[in-house]
1. Just to confirm the filter: which trypsin sites (Lys or Arg not before Pro) across the range B:20-83 are DSSP coil and have at most 13 other Cβ within 10 angstrom of their Cβ?
2. What net charge is computed for the residues neighbouring A:Tyr163, neighbours being all others with C-beta under 15 Å from the C-beta of A:Tyr163, Lys and Arg scored +1, Asp and Glu -1?
3. Give me D for the protein assembly as shown in µm² s⁻¹, whole number, from Stokes-Einstein with Rh from the Kirkwood sum over alpha-carbon pairs, 37 °C and 0.692 mPa s.
4. Measuring nothing but label to label, 7 Å from Cα along Cα→Cβ, what are A:Asp51's distances to the other copies in nm, shortest first?
5. Write down the Kirkwood hydrodynamic radius of the range B:9-56, to one decimal in angstroms, obtained as one divided by the mean of 1/r over all alpha carbon pairs.
6. Can you give the alpha-carbon Rg of the range A:108-151 over 2.2 N^0.38 Å, where N counts its residues?
7. Equivalent ellipsoid semi-axes for the range A:97-201, as square roots of 5 times the alpha carbon gyration tensor eigenvalues: give them largest first, rounded to whole Å.
8. How many percent of DSSP beta bridges within chain A run antiparallel, rounded to 5?
There are 2 protein chains.
Amino acid sequence: MRKGCLVVVSGPSGAGKGTICSAFLERASGIAYSVSATTRSPRRGEVDGRDYYFVDEESFKKMIDGDELLEWAEVYGNYYGTPLKKIQEKIAEGKDILLEIDTQGAMQVKKRFPNGVFVFILPPSLAELQRRIRGRGTEGERDIEKRLAASEGEIKMASDYRYVIVNDKLDDAVSSLSAIVEAEHCRASRNQDIINEIVNN
Amino acid sequence: MRKGCLVVVSGPSGAGKGTICSAFLERASGIAYSVSATTRSPRRGEVDGRDYYFVDEESFKKMIDGDELLEWAEVYGNYYGTPLKKIQEKIAEGKDILLEIDTQGAMQVKKRFPNGVFVFILPPSLAELQRRIRGRGTEGERDIEKRLAASEGEIKMASDYRYVIVNDKLDDAVSSLSAIVEAEHCRASRNQDIINEIVNN
């Protein structure tokens, strides 16, 4: 049987990776979203096991010590991490799994899953990225500047990914992500069992 | 600007690569078919420049000596080859080009275009391949046996390609080929100029 693909999507804030991933998951079949574990408190409307696994710090540290996390990070005093076991199970079942994660986390994942499908979402331009981030209108000028600087830093990491998608039109970007996953299913390296079966029967 | 992709499709006789390529070319836009040069005589209905470039042996040998062919082979006393210049022009223009070619030719192409998109079309099984080849009803038993033995030899080369497509249903196979070409357009290595442009503007 063919193993599933681990699809890792990153991109700077404002590039639209969340929207692309949601639209892709709605369209695609047989792909699951990887739910992260976190020590931060649930926000209104967030459901344990769907949005995050909400755990306390002691449990989280046990997961780190037990090597149960594919990657993790501490952000503003809260821990965030990707449980490894679920991912391994899905992949063994031949299912794809989608991981939306920052560049630092993605580079950690790459060490463990070099055959993962690493996709970076780019904005059409920095000017457009700026427009999108400002357009949210939820942040002060200082936070916006910080976020833009961070985004520029992230974009420089794009070459470390296998694929880049320029998010000019949402529909095109979702189609590209679908095409990438379909193409990866056809990679000869993922189909050696099928080749052998045909040769030997 | 992004360069075009050289898409190289191989597969054993009976796997359906010709049908897949024709259907794909009808659907796709911006992809051209590479027309081979040959010294064999045109068959009824074949048009020079569309089906083949029909040339005499002297001209063909000049093309070999002038390194004007990407690959070539002699089959039953006739020469067949792929003119290099057209391919280089199309790729430089950002257009994709499709090359339907046997495994030996494909391996020659790989040396010159390691970034080519190498796709191998597989039959669902050897039994099905046999059924398809026999179903043509145009050949004697001896030729059929020869063709089947050659097909088995070709299938063993599938692992040397980047992608394999199992041609179970024609529509699915064409979709997979389309997805592969779309995904290859998103390869980070083909988009370094775009990444640099976004970072620097």
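Readers should treat all values here as calculations from the given coordinates under stated rules, not as data from a laboratory. The model shown is predicted, which means the values in this text are computed figures rather than measured ones. Please note: Cβ atoms are built from the backbone with ideal geometry, for glycine as well, and neighbour counts cover all protein chains shown.
1. Values: sites: B:Arg27, B:Arg40, B:Arg43, B:Arg44, B:Arg50, B:Lys61, B:Lys62; in loops: B:Arg40, B:Arg43, B:Arg44, B:Arg50.
Counting only loop positions with at most 13 other Cβ atoms within 10 Å, the trypsin sites (Lys or Arg not before Pro) in the range B:20-83 are B:Arg43, B:Arg44, B:Arg50.
2. On the way: positive: A:Lys17, A:Lys110, A:Arg162, A:Arg187, B:Arg2, B:Arg162, B:Arg187, B:Arg190; negative: A:Asp96, A:Glu100, A:Asp160, A:Asp172, A:Glu182, A:Glu184, B:Glu182, B:Glu184.
Net charge around A:Tyr163: 0.
3. Numbers: Rh = 23.8 Å.
Result for D is 138 µm²/s.
4. Ordered by increasing distance: 6.6 nm.
5. On the way: mean 1/r = 0.0806 Å⁻¹.
Hydrodynamic radius (Kirkwood, Cα pairs) of the range B:9-56 is 12.4 Å.
6. 1.59
7. Working: eigenvalues 258, 49, 18 Å².
Its equivalent ellipsoid spans semi-axes of 36, 16, 10 Å.
8. Values: 8 of 27 bridges.
Given both bridge residues lie in chain A, the antiparallel proportion sits at roughly 30 percent.
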